[in-house]
Structures are given as C-alpha cells and as structure tokens.
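Enquirer: Questions regarding the structure given below will be posed in turn.
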Amino acid sequence: MTTKEALHGLIDQLPDYALAEAERYLAGLRNDPMLQALMAAPLDDEPTTPEEDEGAREAWEEYRRGEYVSADEAKRALLE
C-alpha cells in the first residue's frame, strides 16, 4: 500500500465532524511555507525541561484555537 492509499483510507475512516479540520491541515501543508519548513526540518533531539514542554503545549493549544499572529501581521507590527 502506498502512502497516498493509506491516507485515503484514513480519510475515509474519519468521522464527519473531523473532515473540515483534516482538510484545513492538509491544505496548510500544501500552501503554508512555514508548515512545509517545519515538516522538512530535522527532529530536535535535545532534551527539554518540563517547563518548556508545558509552554510548548500551551502555545500549540493557542494556535489550534486560532490565537496567533500571521507573518504579515507580525511584519507590520515590527515595521511600525
């Protein structure tokens, strides 16, 4: 089975309520240069502290809730 076939199978198994999120994620991988760079980056193998892990978890949850600043917004704020 190819990776694409496996992905099609996973998509077919998703509940309807998860399809929009999956579509956004996959579209982001296709269109978002930052996500593409992150996916291509090597894994960080340095150990982290519990405080760093908690901060990363909180930041990820904020991102998932849409609580972030786009690159364009950040650039405008920095240039003001």
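Enquirer: Any chance you could give the angle, 0 to 90 degrees and rounded to 10, that helix 3-13 forms with the longest Cα principal axis of the chain?
Expert: 80 degrees
Enquirer: Which whole-number percent of Cα pairs in region 3-79 have a distance greater than 14 Å?
Expert: 78 percent
No lab work stands behind these numbers, since they all come straight from the coordinates. Note that the structure is predicted; figures quoted are calculated from it, not measured.
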